[in-house]
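Engineer: This is the structure I want to talk about, given as structure tokens.
The values are calculated or read from the model by the stated rules, or taken from the named source; none is laboratory data. Please read these numbers as outputs of a predicted model, since none were measured by experiment. Positions of Cβ are generated from backbone atoms using ideal geometry, with glycine treated the same way; all protein chains shown enter the neighbour counts.
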Amino acid sequence: MDNELIDKHFGWSQIKPEYAQYRKSRAVILQCPYDLTASYQKGTRKGPEAILEASGHLEMFDDEMKAETYKIGIYTQTPLKVESMKPEAMIETVKNAVTEVYQAEKFPVLLGGEHSVSIGAVRAAGGIYKDMSVLHCDAHHDLRDEYDGTKYSHACVARRFLEQCPVVQVGTRSLSREEQDFINSNPPGLKIFDVYDILDMALWKENVLRALSEDVYISLDIDVFDPSIMPSTGTPEPGGIGWYELLDCLRMIARTKRIVGFDVVELMPIPGVVSSDFIAAKLVYRLLSYIFFSKDAKRG
């Protein structure tokens, strides 16, 4: 475990070193700057750095939770050295790094990079929490078995999740014929709440809660948001969900389930468009607030 305090740690301009040191931290930020399998636009490898840069400009007092969330201790690791690795090696590196965080009895937050980085984190969490499910928030179903010659493409992420545990998808609105055929086969462990369900189902969030197990790992592809608020992603899809809509769902989960880790992936920074970087950073901070400060939130 790397215990070095880096200059651009989460909240770098405002969080005092005593709240950013590894020893006293309850949450650990891991950076995985990787986009080798990106198939449309590359640049998500720069996502973790952009999120950390933007985090230095957040207000550290959470306006919704009325809490100074940083006081839980948020440690930021140096970036994992994965840029030139093949996907399988990258995933194993992430798995080992996240496992170390769990072994230290701390809470892991993974920043990507493309979505394939999440496979390693889910494998690490699933090795510890045996009754875990994944909440997969994404514009894309990511249910291909193979894409561009690899089973570990960003387009195969949810298919690999299913090999580990049940998956609940939220906000999806784009898929291939292959993926639709797979869904039609009623694969065990897969539950989908796509944008059409969200539009038609008044109690969709309550149904998401019922579909999840007690322990939940959350994988957040930022293209789940509508591109009108989140343009900086490699494969934007129109018709996404809004900021408060997603936050309301995450808050409900934090209050009723035990969130065991999460990732925020697929930010592709666009020079001069810092709003997307800031939204991603605030999403990380707000979800930590829900996990550690929601009334009745379950941890440990």
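Engineer: From the list P227, P231, which one is touching a Gly at 6+ places or on another chain (Cβ under 7 Å), modelled with pLDDT of 95 or more, outside any helix (DSSP H, G or I) and farther than 22 Å from V101 by Cα?
Structural biologist: Numbers: P231 fails: touching a Gly at 6+ places or on another chain (Cβ under 7 Å).
Being touching a Gly at 6+ places or on another chain (Cβ under 7 Å), modelled with pLDDT of 95 or more, outside any helix (DSSP H, G or I) and farther than 22 Å from V101 by Cα holds for just one of P227, P231, which is P227.
Engineer: Please work out which residue is farthest from P231 (Cα to Cα), limiting yourself to segment 247-293 and to residues that are of a type in the set (D, E) and part of a helix (DSSP H, G or I).
Structural biologist: D248
Engineer: Taking segment 127-147 on its own, how many of its residues are aliphatic (A, V, I, L, M), farther than 14 Å from E179 by Cβ and part of a loop (DSSP other than H, G, I, E, B)?
Structural biologist: To start, the set of residues in segment 127-147 that are aliphatic (A, V, I, L, M) comprises 128, 132, 134-135, 139, 143.
Filter once more, keeping what is farther than 14 Å from E179 by Cβ: 128, 132, 134-135.
If we keep only those that are part of a loop (DSSP other than H, G, I, E, B) as well, we get 128.
Selection size over segment 127-147: 1.
Engineer: Cβ-Cβ below 6 Å, separation at least six or inter-chain, first residue in segment 202-219 and over 20 Å from K130 (Cβ atoms), second among the acidic types (D, E) and surrounded by fewer than 18 Cβ atoms within 10 Å (Cβ to Cβ): which pairs?
Structural biologist: If the second residue must be among the acidic types (D, E) and surrounded by fewer than 18 Cβ atoms within 10 Å (Cβ to Cβ), the pairs left are W204/D197.
Engineer: Next question, about the same structure. So L52 clears everything in (1) more than 29 Å from P166 (Cβ to Cβ); (2) in contact with a strand residue (DSSP E or B) (Cβ under 9 Å, 6 or more places away or on another chain); (3) among the aliphatic types (A, V, I, L, M); (4) surrounded by fewer than 19 Cβ atoms within 10 Å (Cβ to Cβ) except one condition, right? Which one?
Structural biologist: (4)
Engineer: Within segment 14-43, restricting attention to residues that are modelled with pLDDT under 95 and of a type in the set (S, T, Y), which residue is surrounded by the most Cβ atoms within 10 Å (Cβ to Cβ)?
Structural biologist: In this case the residue turns out to be T37.
Engineer: Can you tell me which of (1) farther than 29 Å from G43 by Cβ; (2) surrounded by 16 or more Cβ atoms within 10 Å (Cβ to Cβ); (3) of a type outside the set (A, V, I, L, M, F, W, C) is the one H154 doesn't meet?
Structural biologist: Among (1) farther than 29 Å from G43 by Cβ; (2) surrounded by 16 or more Cβ atoms within 10 Å (Cβ to Cβ); (3) of a type outside the set (A, V, I, L, M, F, W, C), H154 violates only (1).
Engineer: Now for a separate question. Name the single residue, out of those in segment 55-89 being of a type in the set (F, W, Y) and either within 28 Å of S153 (Cα to Cα) or touching a residue at least 40 places away in the same chain (Cβ under 8 Å) (or both), that is surrounded by the fewest Cβ atoms within 10 Å (Cβ to Cβ). Step through it out loud before you land on a result.
Structural biologist: At the first step, the residues of segment 55-89 found to be of a type in the set (F, W, Y) are 61, 70, 75.
Then drop every residue that is not either within 28 Å of S153 (Cα to Cα) or touching a residue at least 40 places away in the same chain (Cβ under 8 Å) (or both), which leaves 70, 75.
Values: Y70: 23, Y75: 28.
Per the stated criteria, the residue is Y70.
Engineer: Something else: Can you tell me which residue in segment 148-206 is farthest from M268 (Cα to Cα), limited to those that are acidic (D, E) and part of a loop (DSSP other than H, G, I, E, B)?
Structural biologist: Residues of segment 148-206 that are acidic (D, E), as a first pass: 148, 163, 178-179, 181, 194, 197, 200, 206.
With the extra rule that they be part of a loop (DSSP other than H, G, I, E, B), the set shrinks to 148, 163, 194.
Details: D148: 21, E163: 28, D194: 23 Å.
The selected residue is E163.
Engineer: Please go through segment 91-123 and pick out each residue that is in a loop (DSSP other than H, G, I, E, B) and among the basic types (K, R).
Structural biologist: K106
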